[in-house]
Amino acid sequence: MKYLFPSLKIGLVIPAYNEELNIGKTIEQIPRNISDKLDVVVIDDGSIDKTSDIASKYNITLLKHPKNRGNGAATKTGLIYCRERNFDIIVILDADGQHDPKYISNFITPILEDSIDFTIGNRFKYYYDMEPKRKLCSKFMSAFYFIFLRRKVADPTNGYRALSSKLLQELEFESEYSLTQEMLYKIIPYYKYKEIPVKVNPRNHGQSFIKIKNYLLKIILLFLKFYIFPKVKKITHKILSDEFRTRVKSYYLKT
Ligand SMILES: Nc1nc2c(ncn2[C@@H]2O[C@H](COP(=O)(O)OP(=O)(O)O)[C@@H](O)[C@H]2O)c(=O)[nH]1
Ligand SMILES: [Mg+2]
């Protein structure tokens, strides 16, 4: 078979929670000509249905959480697995059928050819029938990133993403639930990234407004935690160490 990216160690990280109806189809839709070194890593996040049984029928790597820990935690488990094995590129996509695996190569090519470190899906390039409240929330987030980070991201809640090995080795992530946003705070101000147009299949059910309200509050807290606090820490550290150095110097000059 002729591969699109021969010999490239690619990790496909697929977090899955109670996805028995979707996981099989998602795996089957993955193009076979991506790479001879492609490792499909499904993380069963403590599902209580047949997600693991179905996934294990395929030629994939199955990692399991004994208990449900959240989408971020499941993704992190996949990223750690890929980091330990020195993968060249990691693509993250959902198991629920919303992310069409036919786009995988579009996420990989800019990382390989344009020295981009991060690619993120943008469903708004095409018509996407999103629940109005959710859309509003997404637009608010975009505006927030633009105002406070001076970076444009049209679809910040899109979980379809790819990371270079450099990012995988340099960054640590800690969120169990808000990894999608933590990633943006730690990546977009400092690394090269590109948005990839994708057609996303709509979800069968929407989300409650309460959840969205919490999400908006969360984005502010995450901004403080993952962007402002590390900056303040760096500056304080520098000032303190400068002061410390001056004190030591003057002490030695006196003696
Ligand atoms: N909702 C949810 N999804 C999880 C969890 N753990 C892993 N996932 C997987 O994370 C992916 C994204 O979840 P989803 O609810 O579709 O998020 P959304 O598309 O951003 O609304 C899916 O593949 C889920 O199966 C979890 O605890 N809750
Ligand atoms: Mg989804």
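Worth pointing out:
- All conditions but one from (1) away from ligand 2 (no atom under 16 Å from the Cβ); (2) surrounded by fewer than 18 Cβ atoms within 10 Å (Cβ to Cβ); (3) under 18 Å from H99 (Cβ atoms) apply to E20; the one that does not is (1).
- Residues that are surrounded by 16 or more Cβ atoms within 10 Å (Cβ to Cβ) and among the acidic types (D, E) within region 166-197 comprise E182, E195, listed in sequence order.
- The set of residues from region 11-47 being within 27 Å of G70 (Cα to Cα), among the β-branched types (V, I, T) and out of contact with any Cys (no Cβ under 9 Å at 6 or more places or on another chain) comprises I14, I23, T26, I27, I30, V40, V42, I43.
Residue-by-condition table, conditions (1) out of contact with any helix residue (DSSP H, G or I) (no Cβ under 7 Å at 6 or more places or on another chain); (2) farther than 18 Å from D100 by Cα; (3) part of a loop (DSSP other than H, G, I, E, B); (4) in contact (Cβ under 8 Å) with a residue 40 or more places away in the chain:
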{"site": "P15", "(1), (2), (3), (4)": "no, no, no, yes"}
{"site": "N33", "(1), (2), (3), (4)": "yes, no, yes, no"}
{"site": "D39", "(1), (2), (3), (4)": "yes, no, no, yes"}
{"site": "I48", "(1), (2), (3), (4)": "yes, yes, yes, no"}
{"site": "I54", "(1), (2), (3), (4)": "no, yes, no, no"}
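Here's the yes/no breakdown for (1) in contact with a Cys (Cβ under 6 Å, 6 or more places away or on another chain); (2) assigned to a loop (DSSP other than H, G, I, E, B); (3) farther than 14 Å from L4 by Cα:
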residue: L79; (1), (2), (3): no, no, yes
residue: C82; (1), (2), (3): no, no, yes
residue: A95; (1), (2), (3): no, yes, yes
residue: K102; (1), (2), (3): no, no, no
residue: F107; (1), (2), (3): no, no, no
residue: P110; (1), (2), (3): no, no, no
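- Here the condition is being within 23 Å of D45 (Cβ to Cβ), in contact (Cβ under 8 Å) with a residue 24 or more places away in the chain and away from ligand 1 (no atom under 15 Å from the Cβ); of R151, R83, R161, it holds for R83 alone.
- Boolean, L62 is out of contact with any Gly (no Cβ under 8 Å at 6 or more places or on another chain), in a loop (DSSP other than H, G, I, E, B) and among the aliphatic types (A, V, I, L, M): no
- Tally of residues being within 16 Å of ligand 1 (Cβ to nearest atom) and either at pLDDT 95 or above or charged (D, E, K, R) (or both) across region 108-137: 9
- Flag for A73 being within 15 Å of ligand 2 (Cβ to nearest atom), at negative phi, at pLDDT 95 or above and among the aliphatic types (A, V, I, L, M): no
- Helices (runs of 4 or more DSSP H) fully within region 125-243 counting 3 or more residues that are of a type in the set (K, R): 132-149, 209-223
The values are calculated or read from the model by the stated rules, or taken from the named source; none is laboratory data. This one's a predicted model, so the numbers in the text were calculated from it and none came from an experiment. Because the Cβ atoms are built from the backbone with ideal geometry, glycine has one as well, and the counts that use them run over all protein chains shown.
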